[in-house]
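The values are calculated or read from the model by the stated rules, or taken from the named source; none is laboratory data. Since this is a predicted model, take the numbers as computed values, not measurements. Heads up, the Cβs are rebuilt from the backbone with ideal geometry, glycines too, and the neighbour counts pull from every protein chain shown.
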């Protein structure tokens, strides 16, 4: 039932965004009148987005190593992007299940891979909260909240989420993860300091996505300021990641991005912002498809011993 509700809410969110874009385009006399398109700038954004995807594979390698499941960058790339397909399946666990299954095929323990997955989730949420901090003053003004109180609240949330990576708290989370996936997960003896040392890695991965999105927005003629523009996409990604009912954060990420853009660049027409949000989803999905195909080719070569 929860999956069905999630699909419904995702469909409603996407319908709202598409309807806003289409209505605005009609009023403006066509999409070309809403935004300008800069091909060289788009090319820069796409290259930077591919760099972001490589950094995402690198982060998976790093977290696996800390969890005691040592792998090469090539293995991390293959496992990460072959399993990415699962994130678009309702339920939020299929990408994780895919990573465990693929990791076993390269000789890694499924329970240690599960440990890495739990750490990865904690680090993604913590990283997203951290990169959202520069956006807080704008959001606080829009919502009529005190800036200091809002920043303090987010800071406390970061500390609480990172505290979950402590061995004592991690054991509880791992038990929950095991029940959800139906698999036994090992709580490794990873040094908590090593786990904390991974946080800058995940912040860097998220910022690389934010910088790529900044150039994407500019390529569509949106005069997005570099600060806090580079933090908008990672913040929206964090919201989508936490939306357990939404496959791949579909719809929820876009709604969040539209709202954040309306706060930072209120002069842009809603239809133009909606168009950019849809373009951003297609942009990153195209990159993921390319990475998936590259991982598939690499995986076949790895399996044959090349």
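Per-residue answers, yes or no, for (1) crowded, with 23+ Cβ neighbours inside 10 Å; (2) under 21 Å from residue 119 (Cβ atoms); (3) more than 14 Å from the chain's Cα centre (by Cα):
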residue: 207; (1), (2), (3): no, yes, no
residue: 219; (1), (2), (3): yes, no, yes
residue: 223; (1), (2), (3): no, no, yes
residue: 233; (1), (2), (3): yes, no, no
residue: 242; (1), (2), (3): no, yes, no
Report task. Give me the pairs, please: first residue somewhere in segment 77-101 and on the phi > 0 side of the Ramachandran plot and surrounded by fewer than 19 Cβ atoms within 10 Å (Cβ to Cβ), second residue anywhere and modelled with pLDDT under 90 and in a helix (DSSP H, G or I), beta-carbon distance under 7 Å, and either six or more positions apart or on two chains. Result -> 91/3
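Identify, please: which residue in segment 102-114 is touching a helix residue (DSSP H, G or I) at 6+ places or on another chain (Cβ under 7 Å) and touching a residue at least 12 places away in the same chain (Cβ under 8 Å) and is, among those, farthest from residue 50 (Cα to Cα)?
Result: 110.
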Requested in this report: Examine segment 6-19 for a residue that is modelled with pLDDT under 70, part of a helix (DSSP H, G or I) and out of contact with any helix residue (DSSP H, G or I) (no Cβ under 9 Å at 6 or more places or on another chain), and state whether such a residue exists.
Outcome: yes
Query raised in the report: Being over 20 Å from the mean Cα position of the chain (by Cα), under 18 Å from residue 123 (Cα atoms) and at pLDDT 75 or above, is that true of even one residue in segment 172-193?
Result: yes
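Here is a yes/no grid of residues against (1) under 27 Å from residue 11 (Cα atoms); (2) in contact with a strand residue (DSSP E or B) (Cβ under 8 Å, 6 or more places away or on another chain); (3) modelled with pLDDT under 95; (4) in a helix (DSSP H, G or I):
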| position | (1), (2), (3), (4) |
| --- | --- |
| 213 | yes, no, no, yes |
| 217 | yes, no, no, yes |
| 228 | no, no, yes, yes |
| 238 | yes, no, yes, yes |
| 263 | yes, no, yes, yes |
| 273 | yes, no, yes, yes |
| 288 | yes, no, no, yes |
| 298 | no, no, yes, yes |
| 306 | no, no, yes, no |
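Yes or no, residue by residue, for (1) within 17 Å of residue 195 (Cβ to Cβ); (2) part of a loop (DSSP other than H, G, I, E, B); (3) over 19 Å from the mean Cα position of the chain (by Cα):
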residue: 102; (1), (2), (3): no, no, yes
residue: 116; (1), (2), (3): yes, no, no
residue: 120; (1), (2), (3): yes, no, no
residue: 126; (1), (2), (3): yes, no, no
residue: 138; (1), (2), (3): no, no, yes
residue: 145; (1), (2), (3): no, yes, yes
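Looking at 50, 54, which one is touching a residue at least 24 places away in the same chain (Cβ under 8 Å) and part of a helix (DSSP H, G or I)?
On the way: 54 fails: touching a residue at least 24 places away in the same chain (Cβ under 8 Å).
Matching residue, one of 50, 54: 50.
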Query - Answer residue from segment 244-261, given it is touching a helix residue (DSSP H, G or I) at 6+ places or on another chain (Cβ under 7 Å) and assigned to a loop (DSSP other than H, G, I, E, B) and is surrounded by the fewest Cβ atoms within 10 Å (Cβ to Cβ) among those - result: 245
Report task. Please work out which residue is surrounded by the fewest Cβ atoms within 10 Å (Cβ to Cβ), limiting yourself to segment 190-199 and to residues that are in a helix (DSSP H, G or I) and in contact with a helix residue (DSSP H, G or I) (Cβ under 9 Å, 6 or more places away or on another chain). Result -> 197
